[in-house]
């Protein structure tokens, strides 16, 4: 389901050092020092991890959070993993263009600049060397939902043990201004009622409630009530690993299936489950979770 690109700072530093070198004595030693500093800066930028680069993307989005929320709210609900397999910056650029009429010229230019920065970061991520052993290990072991302690929207304490109490848990990430998210609430509630017989449960995570803001919690509860949705919604510290995981989600709504051990089954589903293809994918992930459930 975060926010100012250090690579840009690095590039500025490179140019600053070069300019500084030319303005000084102009000696061979000065030029060599500027060149060395530039090389070291470029090298530092190249050694960034994927996690660091993704954090930079989150910083960019967070800096203009309100504008980006408007963009995400206006997105077509048919966002899929295939769509996002392309450069995410290009995806955001298209989304901004589609919502252009909602923004002033200054806001539009700012969003386009953000998307362009993210496109460049995505290119850096693509260029990172891949560790085959690590990739294979991740594929074999799967990914795990981060441990958490938090509360539901009524103030009751919850933690990661809720996964162990279910054969599987469908976790839905949303935010209040996301129309596709709100549109699927009744489908999620119907799903929650239906999967109880299989030992399953739907859990909602509204990313605007993670900091425990009372107004945002009240808004989320009102949306759920209006949709007739009674499934549990929870929140946890945005600075926790689970919070970072939730805030790292780039498209809404996003839904994933978590097994009894806390492992995420398959790939997250991007887009509403009120779409036939997404529901079919979700049903398959649920079936996999049930088939592999070893019990408590």
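Each reported figure results from applying straightforward, stated rules to the coordinates on display, with no laboratory input. Bear in mind that the values here come from a model prediction, so they are computed numbers and not experimental data. For neighbour counting, all protein chains shown are included, and Cβ atoms are generated from backbone atoms with ideal geometry for every residue, glycine included.
Computed from the Cβ-Cβ distance with R0 of 51 Å, the FRET efficiency linking residue 107 to residue 197 stands at 0.60. Here is the P(r) of the stretch 143-291: all C-alpha pair distances, binned every 10 Å from 0, give 12, 47, 37, 4, 0 in whole percents.
For a modelled paramagnetic label at residue 63, 7 Å from Cα along Cα-to-Cβ, the residues of the stretch 100-131 in reach, with backbone nitrogen under 19 Å, are 104-125. Between residue 190 and residue 94, the contour length at 0.36 nm per residue exceeds the Cα-Cα span by 31.2 nm.
Kindly put 168, 231 in sequence by how many other C-beta atoms sit within 10 Å of each C-beta, fewest to most.
Lowest to highest Cβ neighbour count: 231, 168.
Sorting 68, 174 by the number of Cβ atoms found within 10 Å of their own Cβ, with the fewest placed first, yields 68, 174. For the stretch 177-268, the relative contact order is 29 percent, taking Cα pairs closer than 8 Å that sit 6 or more residues apart in sequence and dividing their mean separation by the residue count. Panel order for 157, 110, by other beta carbons found within 10 Å of each beta carbon, from fewest to most: 157, 110. For the pair the stretch 191-232 and the stretch 87-116, the centres of their Cα atoms are 30 angstrom apart. Modelled spin-label separation between residue 161 and residue 291, with each label point placed 7 Å from Cα along the Cα-to-Cβ direction: 3.2 nm.
Taking 7 Å steps out from each Cα toward its Cβ at residue 239 and residue 119 produces label points 3.6 nm apart.
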